[in-house]
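Worksheet: the structure to be examined is printed underneath.
Readers should treat all values here as calculations from the given coordinates under stated rules, not as data from a laboratory. Since we're looking at a predicted model, the values are computed, not measured. Positions of Cβ are generated from backbone atoms using ideal geometry, with glycine treated the same way; all protein chains shown enter the neighbour counts.
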Amino acid sequence: MFKRAAALVVIAAMALFFSGCETDTTEATASIYTKVTESTIALNEDGVKAVGVYKELLKVNKDAIQGIEKNFNVSACGLHDINSDGIPELYFFAATDSTAYSATFYVFTYDKASDSAVKKIEIPNIMYLSGGVGEYAIFTSPVALLITRTSGGTEPVTETVVYDMNFFKNGSYKMVQTHDAATERVVYKYFTNGSQADQTAYDQLVTVHIDQATMVLASNIQAKSEEEASPLLSKPAVKTMNYESMLSYLIKLS
C-alpha cells in the first residue's frame, strides 16, 4: 500500500497487526466468552447498571446493526471501559440508512443521573460499499480515543480524530493524497487541527499517539505487505462481537 514511513503510520503501518482484530460473525457465543469475556471486565455497581441499559439500547438498534454485519461481513459490536472509570462504553457500527450500504460508528456511555445511555461519538460513513469499503482503525491511549479512517478512490484522504477521556474532540490530523497531472507524481498535503503542516510535524504528532496506544477497539485494515512495521504490533485488541453474541454477553453481565 503506502511505503513512505511515518507519514502513513496510522494506517499502513498498522496493517500486519489489525488483520486479526475482527471476530468471525459465525463464531459460537461460548467460544467468544472464552476468548474475550471471562474475567476480563470488572464492573462496579454503576457498571452493572450500564450493561443493563446497553442491553436495551442494543435491541433498539438490532436491524441497523445486523444490516451492517450482513453487508460488510463484520462483527459490529464492542464493549470496553475506554476511560478506565469502572463503567464500560458500548460501541457499535449501524446502518446509516435503510440500505445498510454505509455504516455509522457510535460510542455510548452510561449517565448515572438519568440511568440512561448517552451518545458521545457518531462518525457517519466510516464504512461504505460504493466506491470501495475504506479503511478504519479505532484505538485508545491513557488519555485519548482515536479514530482513523481512509477514504477509498484514486485520491484517498486519511484522517485521524482525537477525543479526550470525556469524549470531546480535541485534535485532528489529515493527509490528502492527490495526483499531479503535470509531473505524473503523487502529491501529499498534511494538516493538523485544520492548518496545513509539513510532513515532519504531521509524522511527529501522529507517532506520539501511536506510541501511547494501549488497546485497539476495532479495525478493518488488512495486511498489505510483510515489510511494514509498527509499535502497534505489540498492542492488545478487543475482539468485536456480532449482535447476538453481544446481547448474550450483556445479559450475562447484568
Which shape class, rounded, prolate or oblate, goes with the range 79-193 when its Cα gyration tensor gives a ≥ b ≥ c as root eigenvalues, a/c under 1.5 marks rounded, and past that a/b bigger than b/c marks prolate?
oblate
For Pro142, the net charge from surrounding residues (Cβ-Cβ under 14 Å; K, R +1; D, E -1) works out to -3
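For the range 88-151, calculate the relative contact order in percent as a whole number, restricting contacts to Cα pairs under 8 Å that are 6 or more residues apart. Could you put the intermediate results ahead of the total?
On the way: 112 pairs, mean separation 14.4, N = 64.
Relative contact order comes out at 23 percent.
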Which ordering of Ser75, Ser141 is given by a fewest-first count of other beta-carbon atoms within 10 Å?
Ser141, Ser75
